[in-house]
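Here is the structure we will look at.
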Ligand code: ATP
């Protein structure tokens, strides 16, 4: 199922509502613009009309909750590879799931799961992807102007958005079919924007700085600080500097 809307609060919300219905899955929800677009921790995601890609995929897999991080990493790899393939550019993945181009964020990914109360298994997974497709660089709000970029920053795209959307999901389902093979992890690490770099983060009110050493199979980032090794999980940490 594919649903395309002109304007929604968020495509995440559309997909999560549909999760409660009998709609067949996988189902994809697209919108030209989102009025309440947000990323992790409810931070706003700039979603202007017509020049971006805002979409959420609803899946109802029969997996356990522990596998959710796989979907997040896998989605990041699928988007990064699809963009590279279509534009000839080379993206990087900023842990956990932001796609970067030339040091700036070009795409944000968000995944959420609900579990079935009785079995404890995943009832549904929603993967939200926002790509700055042909948003002119000058159109970004001032506070993210230096940190955000667009695949086609002049505002003119030589390819259609639909081609990229198709490439993303084709790649995603390819990688999903290959599970439990973990080639996607190798690619994730190869394309990492943070491995080997100094990163900052705050944990329980304390600010730490350290070198990002590795990424575990379940998506944690291992950071070596001056006197400790910290294993960061995606739900709690935002990297500040890199
Ligand atoms: P980070 O803040 O490092 O980007 P994050 O993964 O937690 O990490 P999200 O919460 O997914 O980021 O996305 C929201 C953040 O992304 C906002 O705080 C803002 O800085 C930035 N942002 C908002 N809209 C866009 C956009 N269209 N393109 C790029 N960056 C954006």
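Worth pointing out:
- Residue selected from segment 124-144 under the condition within 20 Å of the chain's Cα centre (by Cα) and more than 16 Å from residue 76 (Cβ to Cβ), by the criterion nearest to the ligand (Cβ to nearest atom): 144
- None of 82, 31, 78, 15 is over 29 Å from residue 214 (Cα atoms), modelled with pLDDT of 95 or more, buried (at least 20 other Cβ atoms within 10 Å of the Cβ) and in contact with a helix residue (DSSP H, G or I) (Cβ under 6 Å, 6 or more places away or on another chain) except 31.
- Residue match in segment 184-196 (condition: more than 16 Å from the ligand (Cβ to nearest atom), over 20 Å from residue 92 (Cα atoms), touching a residue at least 24 places away in the same chain (Cβ under 8 Å) and surrounded by 15 or more Cβ atoms within 10 Å (Cβ to Cβ)): no
- Of all the criteria given as (1) within 13 Å of the ligand (Cβ to nearest atom); (2) part of a helix (DSSP H, G or I), the one not satisfied by residue 33 is (2).
- Any chance residue 111 is buried (at least 21 other Cβ atoms within 10 Å of the Cβ), within 16 Å of the ligand (Cβ to nearest atom), outside any helix (DSSP H, G or I) and modelled with pLDDT under 95: yes
- Take the conditions (1) modelled with pLDDT under 95; (2) closer than 27 Å to residue 43 by Cβ; residue 130 misses just one of them, which is (1).
The values are calculated or read from the model by the stated rules, or taken from the named source; none is laboratory data. Treat the numbers as computed from the prediction; the structure is a model and nothing was measured. Every residue, glycine as well, gets a Cβ built from its backbone with ideal geometry; the counts of neighbours run over all protein chains shown.
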